[in-house]
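Here it is: the structure, laid out below.
Just so it is clear, none of the values below were taken in a lab; they were calculated from the coordinates. Owing to the predicted nature of the structure, the values given are computational and were not obtained by experimental measurement. With ideal geometry, Cβ positions are generated from the backbone for all residues, glycine too; neighbour counts draw on all protein chains shown.
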Amino acid sequence: MQLPRPVFEPVVDQHESWLALNPRQGCPKACTYCFLKDRGLTRVRPTELAAADDAVRQLLTSPYYHPEAAVALYTCTDALATPPNRRHLIRLLDALAAALVPNPLVMITKCAVTDDVLDSVVRNRDTHGQRVIVYLSYSGLGPTIELGIDHQALRANFPRLHAAGVPIVHYWRPALPDNSSPDSIETVLGLATRYADCSVSIGLKVPPGSRHQMEELWPALAHPDLDPESADSIWPDADWEALRNVPARYAGHPIYQTNSCALAHVLHQPDRFRVLDTPTCRHVNRCPTEQRTLCTAAARETPPITENAITQHLTKLGHPGIPYHWDAQNRTLTIDVPVDRRVCLNTSQVLQLTVHAQRRPQDPYWTSRFNGSRTLIVEAEQRQWPPTQSP
């Protein structure tokens, strides 16, 4: 069978919760739910699109760059999947440290954290104050779905990174019927709550064009009344209810459905994405009281934004003269023409405001709560959450 031609992302891009830095793309693994599958970027040798020094230059000169954003490294591969990837990662961490890049760095992996990588993370932390947060993508799925993953090595990362003082976010995704049983949830939480700073559980994302791929994993998504590509996230009913009723013995472990809130918690920073006091904040995120207090205090001190600042920022992103309406009282920007999600997400993050805009039809980025999408809960019954549209 002929594989699709690879479709690469930009080396520097804006995602929902962070900037993405992708100097190597393509993964030898074959997780059946992976969004890279339709792009021809699974079961392949990673391709280098930029050397480490060039990747740093592209990051710092990108119009999307800002020094307070988290930067996720290698989101179109697994940074630890191959020796060339690991060597590139070590060079990149060194180059970022040498350039005094202040941003916190995120590394997402299902692979073993090798000695050379851990030594690099600790060395740059101790010498340059570099902040690396490791997202361990552990969801209780087996080798028939996560093909090529050594799950024993993945689980061993938790105590090893914890002992080295490296912050861990347990990335609990995707949510599928296969990992929604009580035994599976108990197994995952039993490990993650011992070592991780928090968990991020975000259901299943269905990027545009990948519905058929996800239906093969989860046949219920083929129901004619469902539109999984328009949902913020999709959950099996059993998993959704389990997360809303986590056993008391795990009550002290923060569990978020908003990744930006998990980052804020780990970095001891307030929310920059206007999640505070939304239905997800009030009724879904299991957030510590001290974090909510920090976010509430910061929200009272958010600096005002002028229309001139908005215009300048949109011009910087390549949209001079774009029509918009600005509601200063509600801190909400409405762009009157279709634009890429990256423009909305970056403007929202940098200026700390709510952005509404029509989605550009060719935009490959998945939908999210930032453009009004809601959570879809499937299985025992089909419903959306929250019941009414929320900002």
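Note down the relative contact order for region 307-371 as a percent, whole number, built from C-alpha pairs under 8 angstrom at least six residues apart.
Numbers: 81 pairs, mean separation 16.9, N = 65.
26 percent.
What whole-number distance in Å separates the alpha-carbon centres of region 78-110 and region 141-175?
18
Going 7 Å from the Cα of residue 249 along its beta-carbon direction, which residues of region 173-197 have the amide nitrogen within less than 20 Å of the resulting point?
Only 180-197 pass the distance filter.
Mean projection of the alpha-carbon convex hull of region 1-95 over all orientations, in nm²? Intermediate results must be reported in sequence, preceding the final value.
Values: hull surface 25.1 nm².
Mean projected area for region 1-95: 6.3 nm², to one decimal.
Shifting gears a bit: Once you order the gyration tensor axes a ≥ b ≥ c over the Cα atoms, which shape class does region 142-265 get: rounded for a/c under 1.5, otherwise prolate or oblate by comparing a/b with b/c? Don't skip to the end; give the middle numbers.
Working: a/c = 1.84, a/b = 1.61, b/c = 1.15.
Taking the square roots of the gyration eigenvalues as a ≥ b ≥ c, region 142-265 is prolate.
For region 40-46, just list the computed ³J(HN,Hα) in residue order, Karplus coefficients 6.51, -1.76 and 1.60, θ = phi - 60°, integers in Hz, with x standing in for Gly and Pro.
Once rounded to whole Hz, the list reads x, 10, 10, 6, 9, 6, x.
Something else now. Multiply the residue gap between residue 156 and residue 220 by 0.36 nm, knock off their C-alpha separation, and tell me the result in nm, one decimal place.
Numbers: separation 64, 0.36 × 64 = 23.04 nm, distance 3.38 nm.
Difference between extended and current length: 19.7 nm.
Quick check: pseudo-label points 7 Å beyond the Cα along Cα→Cβ at residue 334 and residue 5, how many nm apart are they?
With each label point 7 Å from Cα toward Cβ, the separation is 4.1 nm.
I need the phi-derived Karplus couplings for region 149-155: 6.51 cos²θ - 1.76 cosθ + 1.60, θ = phi - 60°, integer Hz, Gly and Pro marked x.
8, 8, 5, 5, 5, 4, 5
Note the full-extension length gain between residue 144 and residue 211 as 0.36 nm times their separation in residues minus their Cα-Cα distance, in nm to one decimal. List each step's numbers first, then the result.
Values: separation 67, 0.36 × 67 = 24.12 nm, distance 1.96 nm.
Difference between extended and current length: 22.2 nm.
A further question follows. Order of 142-148, 36-42 by packing, highest average Cβ count within 10 Å first?
On the way: 142-148: 14.0, 36-42: 20.0.
Answer by packing, highest mean first, reads 36-42, 142-148.
On to the next question. Which of the lysines could be linked to residue 110 by a straight reach, that is with a Cα gap under 22 Å, when you skip same-chain ones fewer than 8 residues away?
Filter leaves 29, 37, 205.
For region 307-371, what percent of Cα pairs sit more than 18 Å apart? Provide the component values of the computation, followed by the final result.
Numbers: 549 of 2080 pairs.
Percentage above 18 Å: 26.
For Cα pairs less than 8 Å apart in space and 6+ apart in sequence, what is the mean separation divided by the residue count of the chain, i.e. the relative contact order in percent? Walk me through the numbers on the way to the answer.
On the way: 692 pairs, mean separation 50.2, N = 391.
13 percent.
On to the next question. Name the long-range amide H neighbours of residue 133: under 5 Å, sequence gap of 5 or more, or other chain; modelled H, no Pro or chain starts.
Excluding prolines and chain starts, which carry no amide H, the hits are 105, 106, 107.
Between region 1-76 and region 317-386, how far is it from one alpha carbon centroid to the other, in angstrom?
If you average the Cα positions of each part, the centres end up 22 Å apart.
Moving on. For a label point 7 Å from the Cα of residue 100 along Cα→C-beta, name the residues of region 126-145 whose backbone N is under 18 Å from it.
Counting backbone N atoms under 18 Å from the label point, the list is 126-131.
A further question on this structure: Pop out the ³J(HN,Hα) list for region 97-108 in order, Karplus 6.51 cos²θ - 1.76 cosθ + 1.60 with θ = phi - 60°, rounded to Hz; leave Gly and Pro as x.
Here the 3J(HN,Hα) series is 5, 5, 7, 6, 5, x, 5, x, 10, 10, 10, 9 Hz.
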